[in-house]
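The values are calculated or read from the model by the stated rules, or taken from the named source; none is laboratory data. Source: prediction; values computed, not measured. When we count neighbours, we look across all protein chains shown, and the Cβ atoms used for this are built from the backbone with ideal geometry, even at glycine.
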Amino acid sequence: MGKYFEITKIYMKTQLVWRADVLFNMIFTIAKVLFAFLLWGMVFNHKELVGGFTFHGMLSYYIVSSFLSQLEMSEGVSNEIHDRIRNGTFSKYMVIPVGIEGYFMAMELGIVLFYIAFDFIAAAVWIFVFRIHFVFAASGWVVACAVLMTMLGMIFMVQLNFFLGLLTLKYQGIGTFLMIKNHLVALITGSIIPLTLFPEIIVNIMRLLPFYYVTYLPAMLLTGKCKADAIAGLIAITLWCLIMQAVIMKVQNKYFRKYDGVGI
């Protein structure tokens, strides 16, 4: 574990080099909430409830979902693996004395721990500036379920991006896979529109996919909604993590033996 902890610390320090990224990450979070404030201000004109949300409840949802979606920064994993395999330097990860997947998990943890404080600041600024009556879950066990679900969701996303990167061992490019994944994530995580506004049959279909449990359900739980889905959601995302891990192991066992990259 000590080796992975060192990797996490290194990537936390590395983020200090890219100070502009920190600034733009906060701007994107603020811009998303500003968009929600302007849009839902018009929608809620002369209305008390929309989709079961009050105006302040809807803004609370957007603040939480924006915070959670900004923490999910594992897309670079697939791009890094793809580029390394294509240019023959993926061997670097095969010779270091840590597991390859564990390396990227530790890398993602370091990045997330660095940005989490800035995302908190961005969220707090909006609550103060717009005087939002922030709606938050009153139940401790619901909050605990939401936090655990968020952590498992982030693990799943690292696994998914790791798997998509490994597909470069079979396919020349993975751009199509990444495009499909990005569109599904944008829609089903509820970061654009809360899924509660969709027809029930559509929401039920989305529940079958792991992305439902990455941002949307944790955000709903943290704002005091969907409490009955907390345990089922934890079980679902745990199963998806186990399934994805089995798929990764199968791909590694099949293609690592055939990898003929050169250089480190």
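Considering only residues that are in contact with a Gly (Cβ under 6 Å, 6 or more places away or on another chain) and over 19 Å from Gln70 (Cβ atoms), which ones fall in the range 195-228?
Once the filter is applied, which keeps residues that are in contact with a Gly (Cβ under 6 Å, 6 or more places away or on another chain) and over 19 Å from Gln70 (Cβ atoms), the range 195-228 yields Thr196, Leu197.
Given the conditions (1) surrounded by fewer than 16 Cβ atoms within 10 Å (Cβ to Cβ); (2) without any contact (Cβ under 8 Å) to a residue 40 or more places away in the chain, and given that Ile231 satisfies all but one, which numbered condition is not satisfied?
The one condition Ile231 does not meet is (2).
State the number of residues belonging to the range 38-89 that are in contact with a helix residue (DSSP H, G or I) (Cβ under 8 Å, 6 or more places away or on another chain), in a helix (DSSP H, G or I) and over 30 Å from Glu101 (Cα atoms).
So the answer is 8.
Would you say Pro210 is buried (at least 18 other Cβ atoms within 10 Å of the Cβ) and more than 28 Å from His82 (Cα to Cα)?
When the stated conditions are applied, Pro210 does not pass them.
Output the qualifying pairs, or none if there are none: Cβ atoms under 8 angstrom, residues six or more apart or on different chains, first residue in the range 62-90 and on the phi > 0 side of the Ramachandran plot, second residue among the β-branched types (Val, Ile, Thr) and surrounded by fewer than 21 Cβ atoms within 10 Å (Cβ to Cβ).
Gly88/Val262
Would you point out which residue out of Ile188, Ile174, Ile127 is touching a residue at least 24 places away in the same chain (Cβ under 8 Å), buried (at least 19 other Cβ atoms within 10 Å of the Cβ) and more than 18 Å from Val247 (Cα to Cα)?
Result of the check over Ile188, Ile174, Ile127: Ile188.
Between Thr150, Thr168, which is under 21 Å from Tyr212 (Cα atoms), surrounded by 20 or more Cβ atoms within 10 Å (Cβ to Cβ) and β-branched (Val, Ile, Thr)?
Thr150
Considering only residues that are in a helix (DSSP H, G or I) and of a type in the set (Phe, Trp, Tyr), which ones fall in the range 132-183?
Result: Trp141, Phe156, Phe162, Phe163, Phe177.
Check whether at least one residue in the range 222-233 is more than 15 Å from the chain's Cα centre (by Cα) and on the phi > 0 side of the Ramachandran plot, and report yes or no.
yes
Within the range 184-205, which residues are part of a helix (DSSP H, G or I), modelled with pLDDT under 85 and β-branched (Val, Ile, Thr)?
Val185, Ile188, Thr196, listed by residue number.
Consider Trp126 against the criteria (1) within 19 Å of the chain's Cα centre (by Cα); (2) in a helix (DSSP H, G or I); (3) over 25 Å from Gly76 (Cα atoms): it satisfies all of them except one. Which criterion is unmet?
In the conditions (1) within 19 Å of the chain's Cα centre (by Cα); (2) in a helix (DSSP H, G or I); (3) over 25 Å from Gly76 (Cα atoms), Trp126 misses (1) alone.
For Phe55, only one of the following conditions fails: (1) farther than 25 Å from Phe163 by Cα; (2) surrounded by fewer than 16 Cβ atoms within 10 Å (Cβ to Cβ). What is its number?
For Phe55, the failing item is (2).
Hey, among Leu221, Leu208, which residue is in contact (Cβ under 8 Å) with a residue 60 or more places away in the chain and either closer than 23 Å to Ala137 by Cα or assigned to a loop (DSSP other than H, G, I, E, B) (or both)?
Leu221
Please state which one of Ile188, Ile193, Ile201 is over 22 Å from Ala36 (Cβ atoms) and of a type in the set (Val, Ile, Thr).
Being over 22 Å from Ala36 (Cβ atoms) and of a type in the set (Val, Ile, Thr) holds for just one of Ile188, Ile193, Ile201, which is Ile201.
Pull out all pairs, ordered by first then second residue, where Cβ-Cβ is under 9 Å, the residues are six or more apart or on different chains, the first lies in the range 2-14 and is more than 17 Å from Glu101 (Cβ to Cβ) and of a type in the set (Gly, Ala, Ser), and the second is in a helix (DSSP H, G or I) and at pLDDT below 80.
none
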